[in-house]
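Step one of this worksheet: look at the structure below.
The values are calculated or read from the model by the stated rules, or taken from the named source; none is laboratory data. Here the structure is a predicted model, which is why all the values come from computation and not from measurement. As a convention, Cβ positions derive from the backbone with ideal geometry for all residues, glycine included, and neighbour counts pool all protein chains shown. For the accessible areas, the whole protein counts, side chains as well, though only heavy atoms, and no ligand, DNA or RNA atoms are used. Shrake-Rupley method; radii C 1.70, N 1.55, O 1.52, S 1.80 Å.
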Amino acid sequence: MTDSKKMFREDLILFNMEAKDNKDAIEQLANKLLSKGIVKESFVEAIKAREDNYPTGLPTETIGVAIPHTDAIHVNEGALAIGLLKEPVAFQMMGMPEETVNVSVIFMMALNEAHGHLEMLQKLMGIFQEKELLIKINEAKTPEEIAEVLSDVI
Amino acid sequence: MAKILVACGTGICTSTMAVDRLKKELNARGKGNNITIVQCKVAEIPSKVNDVDLIVCTTQVSGNISKPVVSGLPFLTGVGVDKVIDEVIEKLGL
């Protein structure tokens, strides 16, 4: 099994997420990772603080996405959590905090190696650049549907 | 030998994505030789800036940076990659 396949887990997907803002959404996903023992308790606050300092909202050609993540010291094992929001929430744009992006899908990365996970990151970038894939993920209703979309790329 | 510093908030995530795409695009233009790419956290830029010729950053940089800085966002979203590569090549005089 490749590194990126190990990182993707169907039990780390949240559907129909209702979040009052981006912090709420990040907290829900981070708590999911915490409940599975994938991250340390410090991860939840660390990833929220990092989003303030270095926002991760990214506009793509279709929907807005966000890729919150934080330092490896808060992480036990590498994993990817995916959150599909019922209604988009505003994130500040990466590199341009004065701009906001309405985010529909959150890809939260728990990265535990300083320079590892290149493969996973490449795959994610590929997904962001394929309109159809991103739309399919956004419209998925079950973990299996997402797994099917990702199985071709991850 | 031109040296490019690629930075992001943690030095492990979006900078890794950007390094990978930057290498690919520079190779595709036949400019991949004689270029060294190093990666760091944005907070480490001041301590490394003197050793490099150009900075590619996926996040905002504060303070006065004595070397040219280009946005690394196109390497993540795929939007505007050609333009930013033009900019890198021009600023490094490749």
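Below, the figures for the structure above:
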| quantity | calculated |
| --- | --- |
| Of all residues in segment A:1-19 being over 14 Å from the mean Cα position of the chain (by Cα) and touching a residue at least 40 places away in the same chain (Cβ under 8 Å), the one that is surrounded by the most Cβ atoms within 10 Å (Cβ to Cβ) | A:Ala19 |
| Whichever residue in segment B:43-64 is in contact with a helix residue (DSSP H, G or I) (Cβ under 9 Å, 6 or more places away or on another chain), within 14 Å of another protein chain (Cβ to nearest Cβ) and open to solvent by 20 Å² or more (accessible area, probe 1.4 Å) and, among such residues, is farthest from A:Pro68 (Cα to Cα) | B:Ser62 |
| A:Ala81 being in contact with a helix residue (DSSP H, G or I) (Cβ under 8 Å, 6 or more places away or on another chain) and modelled with pLDDT under 95 | no |
| Test: A:Ile82 is open to solvent by less than 10 Å² (accessible area, probe 1.4 Å) and touching a residue at least 24 places away in the same chain (Cβ under 8 Å) | yes |
| Segment A:24-61, residues that are of a type outside the set (Val, Ile, Thr), touching a Ser or Thr at 6+ places or on another chain (Cβ under 7 Å) and open to solvent by 10 Å² or more (accessible area, probe 1.4 Å) | A:Ala46, A:Arg50, A:Tyr54, A:Pro59 |
| Positions within segment B:68-81 being surrounded by fewer than 21 Cβ atoms within 10 Å (Cβ to Cβ) and touching a residue at least 24 places away in the same chain (Cβ under 8 Å), in sequence order | B:Val81 |
| Total residues in segment A:129-153, condition in contact with an Asp or Glu (Cβ under 9 Å, 6 or more places away or on another chain), under 23 Å from B:Val81 (Cβ atoms) and either at pLDDT 90 or above or open to solvent by less than 60 Å² (accessible area, probe 1.4 Å) (or both) | 4 |
| Hey, A:Ala66 in contact with a helix residue (DSSP H, G or I) (Cβ under 9 Å, 6 or more places away or on another chain) and either open to solvent by 70 Å² or more (accessible area, probe 1.4 Å) or within 13 Å of chain B (Cβ to nearest Cβ) (or both) or not | yes |
| Residue selected from segment A:85-144 under the condition among the basic types (Lys, Arg) and more than 13 Å from every other protein chain (Cβ to nearest Cβ), by the criterion farthest from B:Val42 (Cα to Cα) | A:Lys141 |
| Test: residue in segment B:21-37 that is open to solvent by 10 Å² or more (accessible area, probe 1.4 Å), more than 10 Å from the chain's Cα centre (by Cα) and closer than 24 Å to A:His74 by Cβ | no |
